[in-house]
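The following block contains the structure, expressed as structure tokens.
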Amino acid sequence: MEIKDLTALELSKEIQSGHVSVQEALKSTLEEISKKEKNVHAYLNVWEKEALSRAKIVEKEIREGRLKGPLAGVPVAVKDNICTEGMETTCASRMLKGFRPPYQAEAVSRLLEAGAVIVGKTNMDEFAMGSTTETSAFGVTRNPWNPDHVPGGSSGGSCAAVAAGECYLALGSDTGGSIRQPASHCGVVGLKPTYGTVSRSGLIAYGSSLDQIGPVGKTVADCAAALEAVASWDRKDSTSLNRGPLGLLEELEAFDGSLHGMRIGVPKEFLSKGVQREVQQAVADAVEILTRRGAQIEFFSLELTDYAIPTYYIIASAEASSNLSRFDGVKYGYRAIEAEDLHKMYRMTRSKGFGEEVKRRIMLGSFVLSSGYYDAYYLKALKAKTLIKQAFDRAFERFDVILGPVAPTSAPKIGESLQDPLSMYLGDIYTVLSNLAALPAISVPALLDDAGLPVGIQLMSDCFQEKKLLRAAKAFEEERGELKAHAPKEEPSHGKVSQKAAKQDRSGLGEVTAK
């Protein structure tokens, strides 16, 4: 097997054993970037010189026995809204072009302590606002599976880089599905941990109560290793949690593949009209696989899902309007120098510095926070958020894990989503729920649709239950095997699963019928 085809953990073992050097691994990654980046455009900056220098240092520390972790020597990419000291961080916006933070994001510091080699910063939707990586001020990222299609967003650059073999792991940020949705569209694994598990210090804020850094990798185990490396309590982040050692890799290493005793719920609302046939098929296949592994599957009604999108976009836009108010052309970033006075400078700077999607969300957020509308919109959204969390609390009294789609469809063609922003917002319906309820969730590749594009499934668990989540994801990943096109079947639905599940239903597990 070639170096570029290894997973992050496989590469780490080869490096630790001395069969592959850190510089060889990095050069292999840089070669892939050289071959593919012109078509994919996953990166905004590639730090070739700095990465080669870092690789030599890491190599020396590994050989001296000072670096033994699973990320030592592994080439990693970082989303461009995560600050890197002295290196440009732009949020893919004209507003921050040329900005070089004087400090390091805590998650980046943790990566460096683990011995990772950072290759560069990845493209994204401007200020993480978008679902396609088309709102970037510096060009569109394309899906490695088909360049006519988007990679998803807003962490589309990170997911495309992993899918294209331009790095082994990447960090993204997830405000409403921005790791999981592009991971599904690009055929890689994306993990959003429980809110507060990874410090937000150095993550340029979009929606502070929703934002969370998480990993993207080729496999479930790769993501587990990356999350263990970056998870930490941080005094610089008041929402940071002190969870101690997570023990995720040890959990997966000891996992025997059996899900006996695990209860998995599938919300009926997740398989309603408007869901692409192959997406329904992916969920149906997952039900069969997880049932064979011993899990008990039940279809149930998850309340308040219809309120997820309006609740999310009101809260996220309100927080965005507040967080982005600091970008005014005074302290740093873009400034409209042709303005005649201070107020015109503010107006011209923000008009020219921000893209259309960012301005749309700032205006919406300012509106819902304004006098006379705060109670009618923002306060109601906060109440709905609480009710959604309570609905999940009730669901997790019955289930260990919740299974569903990541997005209603596979990756749309470039240009389609921006023509209809409302449809783009509705595409987040399955992912925003875990952000509103602060839950961990993971996207795992399931199959290829008729157009040869990846489709993933999503698994969610209760807060702090990443071990259960990863066990279910690993069991599915092992049995799924190589990602391949689905076998044509009769129209799938939540009422068609395996004979085994049907027998379980007769024992009172839910509305399931045999094929």
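Treating only the Cβ of Lys, Arg, Asp and Glu as charged (+1, +1, -1, -1), what charge dipole size does the chain show about its Cα centre? Round to the nearest 20 debye. Numbers along the way, then the final one.
Numbers: 62 positive and 66 negative charges, 132 e Å.
With only Lys, Arg, Asp and Glu charged at Cβ, the dipole is about 640 debye.
Given Cα pairs under 8 Å that are at least 6 residues apart, what percent is the relative contact order of the range 115-242?
RCO, the range 115-242: 21 percent.
Per residue, how large is the accessible surface of the chain? Use a 1.4 angstrom probe and give square angstrom. Mind dumping the intermediate values first?
Numbers: 19870 Å² over 515 residues.
Ligands and nucleic acids excluded, the result is 39 Å² per residue.
Could you calculate, for the range 41-89, the ratio of the Cα radius of gyration to the Kirkwood radius, expressed as Rg to Rh? It would help to have the intermediate numbers written out before the result.
Values: Rg = 12.7 Å, Rh = 12.4 Å.
Rg/Rh: 1.02.
Where does the range 414-484 land on the Kirkwood hydrodynamic radius, alpha-carbon pairs, in angstrom? Please list the in-between numbers first.
Numbers: mean 1/r = 0.0712 Å⁻¹.
For the range 414-484, inverting the mean 1/r across all distinct Cα pairs yields 14.0 Å.
Give me the log10 of I(q) over I(0) for the range 1-69 at q = 0.20, 0.27, 0.28 Å⁻¹, as the Debye formula computes it from C-alpha points; what are the numbers?
-0.88, -1.25, -1.29
Please grab the % of Cα pairs in the range 202-247 that end up more than 16 Å from each other. Intermediate values should be presented prior to the final figure.
Working: 486 of 1035 pairs.
The proportion of pairs with Cα distances above 16 Å equals 47 percent.
Say each of K389 and S301 gets a label point 7 Å from the Cα, pointing the same way as Cα to Cβ; how far apart are those two points in nm?
It is 2.5 nm.
Which of the pairs K192/K468; K97/K331; K97/K236; K97/K413; K359/K383 have their Cα atoms more than 19 Å apart in this structure?
K97/K236; K97/K413; K359/K383
On each of the three principal axes of the Cα atoms of the range 276-343, give max minus min coordinate, whole Å, ordered largest first.
Cα extents, longest axis first: 69, 23, 23 Å.
If you take all C-alpha pairs in the range 250-294, what percent of them are over 17 Å apart?
Working: 456 of 990 pairs.
Counting pairs separated by more than 17 Å, the tail of P(r) holds 46 percent.
Distances longer than 26 Å among the Cα atoms of the range 19-157: what percent of all pairs is that?
The answer is 26 percent, as a whole percent.
Which net charge results for the neighbourhood of M348, defined as the other residues with beta-carbon distances under 14 angstrom from its beta-carbon, given Lys and Arg at +1 and Asp and Glu at -1?
Numbers: positive: R94, R335, K344, R347, R350, K352, K359; negative: D328, E338, E340, D341.
Combined, the nearby Lys, Arg, Asp and Glu give +3.
Please list the helices of the chain that count as membrane-span-like by this rule: a mean Kyte-Doolittle hydropathy of at least -1.0 together with Cα atoms stretching 18 Å or more along the helix axis, each helix being a complete DSSP H run. Walk me through the numbers on the way to the answer.
Numbers: long enough: 22-40 (26 Å, -0.87); 48-63 (22 Å, -0.93); 277-292 (23 Å, -0.06); 308-323 (22 Å, 0.40); 356-369 (20 Å, 0.29); 380-398 (28 Å, -0.57); 466-480 (21 Å, -1.26).
Result, helices passing both filters: 22-40, 48-63, 277-292, 308-323, 356-369, 380-398.
Here is a further query. Efficiency by 1/(1 + (r/R0)^6): what FRET value for E48 and E88, r their Cβ-Cβ distance, R0 = 22 Å, to the nearest 0.05?
Numbers: r = 15 Å, r/R0 = 0.66.
The pair E48/E88 has a calculated efficiency of 0.90.
Now for a different question. So for the pair Q23, D375, with labels modelled 7 Å out along Cα→Cβ, what separation do we get in nm?
Going by the 7 Å Cα→Cβ label model, 7.0 nm.
Also, quick follow-up: Write down the Å³ per residue value for the convex hull defined by the alpha carbon atoms of the chain.
Working: hull volume 72.9 nm³, N = 515.
With only Cα atoms used, the chain gives 142 Å³ per residue.
Per 0.36 nm of contour for each residue apart, how much would the distance between E2 and K236 grow if the chain were fully extended, relative to their Cα-Cα spacing? The partial results should precede the final answer.
On the way: separation 234, 0.36 × 234 = 84.24 nm, distance 4.14 nm.
So the chain would gain 80.1 nm between E2 and K236.
Oh, and also: How big is the shadow of the Cα convex hull of the range 198-312, averaged over all directions, in nm²? Before the final figure, lay out the partial values.
On the way: hull surface 39.6 nm².
That works out to 9.9 nm².
For the chain, list the cysteines whose Cβ sits under 4.7 Å from no other cysteine Cβ?
C83, C91, C167, C223, C463
Put +1 on the Cβ of every Lys and Arg and -1 on every Asp and Glu Cβ in the chain; which of Q276, L241, S301 then has its Cα farthest towards the positive end of the dipole?
L241
In Å, what Kirkwood hydrodynamic radius results for the range 137-255 from the alpha-carbon pair distances? Mind dumping the intermediate values first?
Working: mean 1/r = 0.0683 Å⁻¹.
After inverting the pairwise mean of 1/r, the radius is 14.6 Å.
Taking the full set of protein chains and a 1.4 angstrom probe, give the accessible area of M424 in square angstrom, rounded to the nearest 10.
Per-residue accessible area (M424): approximately 10 Å².
Using Cα pairs closer than 8 Å and at least 6 residues apart in sequence, work out the relative contact order for the chain, in percent.
Numbers: 1209 pairs, mean separation 83.3, N = 515.
About 16 percent, as a whole number.
If you don't mind, there's one more thing I want to ask. Between R292 and S34, 0.36 nm times their residue separation minus their Cα-Cα distance comes to what? Show your work: numbers first, answer last.
On the way: separation 258, 0.36 × 258 = 92.88 nm, distance 4.31 nm.
Gain on stretching R292 to S34: 88.6 nm.
Name the GluC sites (Glu not before Pro) in the range 19-105 that are in a loop by DSSP and that have at most 13 other C-beta atoms within 10 Å, would you?
Taking the range 19-105 and a limit of 13 other Cβ atoms within 10 Å, the loop GluC sites (Glu not before Pro) found are E64.
Moving on. Net charge around D148, counting only other residues with Cβ within less than 9 Å of its Cβ (Lys, Arg = +1; Asp, Glu = -1)?
Working: positive: R142, K413; negative: none.
Overall, the nearby charge balance is +2.
Roughly how many whole Å is it from the C-alpha centroid of the range 119-135 to that of the range 60-86?
22 Å
Using only the Cα atoms of the range 115-179, each taken as one equal point scatterer with no solvent, compute I(q) by the Debye sum, divide by I(0), and report log10 of the ratio at q = 0.21, 0.28 Å⁻¹.
The calculated log intensity ratios at q = 0.21, 0.28 Å⁻¹ are -0.76, -1.22.
The range 293-419: D in µm²/s via Stokes-Einstein (Kirkwood Rh, Cα pairs, 20 °C, 1.002 mPa s)? Walk me through the intermediate numbers first.
Working: Rh = 18.2 Å.
Approximately 118 µm²/s, per Stokes-Einstein.
Where the accessible area of the chain is counted over protein heavy atoms with a 1.4 Å probe, how much of it, in %, is carbon and sulfur?
Details: 10120 of 19870 Å².
C and S fraction of accessible area: 51 percent.
Which Cα, out of A441, S423, A451, lies furthest along the positive dipole direction of the range 415-489 (beta carbon charges, K/R +1, D/E -1)?
Checking the options against the dipole of the range 415-489, the answer is A441.
To the nearest 20 debye, what charge dipole does the range 30-188 have about its Cα centre, counting +1 at the Cβ of each Lys and Arg and -1 at the Cβ of each Asp and Glu?
Working: 18 positive and 19 negative charges, 52 e Å.
Magnitude of the dipole: close to 240 debye.
What does the net charge come to around A336 if you take all other residues with beta carbon closer than 10 Å to its beta carbon, with K and R at +1 and D and E at -1? Mind dumping the intermediate values first?
Working: positive: R335, K344, R347, R350, K352; negative: E338.
Here the charged neighbours net out to +4.
While we're on this one: Taking the DSSP beta bridges in the chain as the whole, what percent of them are antiparallel, to the nearest 5? Let's see the in-between values first.
Working: 30 of 48 bridges.
Taking every DSSP beta bridge within the chain, about 60 percent pair in antiparallel fashion.
The values are calculated or read from the model by the stated rules, or taken from the named source; none is laboratory data. This is a predicted model, so every value here is computed, not measured. Positions of Cβ are backbone-derived with ideal geometry, glycine not excepted, and every protein chain shown enters the neighbour counts. Just so you know, the surface numbers come from the protein's heavy atoms only, side chains and all, with ligands and any DNA or RNA stripped out. Shrake-Rupley method; radii C 1.70, N 1.55, O 1.52, S 1.80 Å.
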